[in-house]
Amino acid sequence: MTERTALITGAARGIGFGIGRRLARAGLQVVLVDRDGDAVAAAAETLSGEGMRARPAVVDVADFAAVQAVAAGLMAELGPIHVLVNNAGISQPRSILEISEREWDEVIAIHLKGAFNWCKALAPGMVAAAHGRIVNISSVNAHTGGGELAVSKVSYAAAKAGLLGMTRALARELAPHVCVNAICPGSIATDLTAAKIGALRDRIVGSIPLGRLGTPEDIAEVVAFLATAEPCFITGEVIDVDGGQFIN
Ligand SMILES: NC(=O)c1ccc[n+]([C@@H]2O[C@H](COP(=O)([O-])OP(=O)(O)OC[C@H]3O[C@@H](n4cnc5c(N)ncnc54)[C@H](O)[C@@H]3O)[C@@H](O)[C@H]2O)c1
């Protein structure tokens, strides 16, 4: 894996940082992307301090032109990027009765268009190299629509379900050498969920058959499998990593 490079969005903290650390431990060079410049620089320094190859890149994933420019600069410097993890995201607690047009657009722009922006930038290189892995971080919310114990409501559920459709389409369009899959995390303890978990911990844990909250490492382990298993014979799949919170 030492000749591979992975790029993870939303990697300054939480699940994205956990994925970055796990892929770096597997030997890949990792690019940690985030719009929070100070935090992503500190995150990359932490991994470098642990002896791993990590560098930060600062960009808003929702900005198409900026993503294309940052991606071109990274590829000119580092060569091909073999693994893309679309993870950047925000929560949005407003229902259809409360949400504004601007709030709706923001969620779709970050979760759905952000993933499009990075796929548009990196998929051509993967196809040309006849090798690539894309992992999209969706949510169990895409299946359930949220509900009382969930942080987010309609815009988030729509964006995350859209990501599953995009995953299936890209799996077909980028075959046979690029595998594209999605992961649906359940309740994972991060900054994004801290307030909700603080208020409703017992009920949330009670909704998880395996009896605990998830960790970034739980998600990172599955990403590592999808990103590094050779040969790849899984594509277009959606894997729920949720301790049984959503059993279909
Ligand atoms: N925590 C959970 O329970 C949970 C469950 C299901 C899905 N998810 C998804 O997992 C992903 C990571 O969530 P988390 O819990 O680690 O969140 P988090 O808030 O801890 O971290 C998200 C990171 O994404 C970055 N980010 C947000 N918008 C961005 C943008 N426009 N451009 C670049 N970076 C941006 C933030 O700065 C932050 O560093 C999200 O897509 C989230 O929807 C989380």
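What the table below lists for this structure:
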| read-out | value |
| --- | --- |
| Neighbourhood net charge (12 Å Cβ-Cβ; Lys/Arg +1, Asp/Glu -1) for V238 | -1 |
| Karplus (6.51, -1.76, 1.60) ³J(HN,Hα), θ = phi - 60°, over the stretch 211-219, in Hz, Gly and Pro reported as x | x, 7, 6, x, 10, x, 5, 4, 6 |
| Charge dipole (debye, nearest 20) of the stretch 5-240; +1 at Cβ of Lys and Arg, -1 at Cβ of Asp and Glu | 300 |
| Farthest toward positive dipole pole in the chain [+1 Lys/Arg, -1 Asp/Glu at C-beta], among V180, N86, Q68 | V180 |
| Isotropically averaged projected area of the stretch 119-196, using the convex hull of Cα atoms (one quarter of hull area), nm² | 5.7 |
| Alpha carbon centroid spacing (whole Å) that separates the stretch 126-149 from the stretch 202-241 | 11 |
| Accessible area of the stretch 5-240 belonging to carbon and sulfur atoms, whole % at 1.4 Å probe | 56 |
| Residues of the stretch 1-56: accessible area per residue with a 1.4 Å probe, Å² | 40 |
| Cα-centred dipole magnitude for the stretch 2-136, charges only on beta-carbon of K, R (+1) and D, E (-1), debye, nearest 20 | 560 |
| 222 nm mean residue ellipticity, helices alone, for the chain (DSSP H n ≥ 4; -39,500 (n - 2.57); rounded to 500) | -14500 deg cm²/dmol |
| Taking the chain and dividing mean pair separation by its residue count, relative contact order in percent (alpha carbons under 8 Å, at least six apart) | 20 |
| Phi to ³J(HN,Hα) by Karplus 6.51 cos²θ - 1.76 cosθ + 1.60 over the stretch 59-66, Hz, x for Gly, Pro | 6, 7, 4, 7, 9, 4, 5, 5 |
| Viscosity 1.567 mPa s, temperature 4 °C, Stokes-Einstein D of the chain from Kirkwood C-alpha radius, µm²/s | 72 |
| Distant-in-sequence amide H partners of V241 (H built 1.01 Å from N, under 5 Å) | C184, G186 |
| Charge dipole of the stretch 5-240 about the Cα centre (unit charges at C-beta), most positive-ward option of C232, I19, L47 | C232 |
| Within straight-line cross-link reach of K113, lysines at Cα separation under 25 Å, skipping those fewer than 8 residues along the same chain | K153, K160 |
| Derived scalar couplings ³J(HN,Hα) [the stretch 74-86; Karplus, 6.51 cos²θ - 1.76 cosθ + 1.60; whole Hz; x for Gly, Pro] | 5, 5, 5, 7, 9, x, x, 9, 8, 10, 10, 10, 8 |
| Longest exposed-site-free window of the chain, the sites being GluC sites (Glu not before Pro) in a DSSP loop that have at most 11 other C-beta atoms within 10 Å | 149-248 |
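The values are calculated or read from the model by the stated rules, or taken from the named source; none is laboratory data. Just so it is clear, the model here is predicted, and its values are computed rather than measured. Positions of Cβ are generated from backbone atoms using ideal geometry, with glycine treated the same way; all protein chains shown enter the neighbour counts. Side chains included, ligands, DNA and RNA excluded: accessible areas come from the protein's heavy atoms. Shrake-Rupley method; radii C 1.70, N 1.55, O 1.52, S 1.80 Å.
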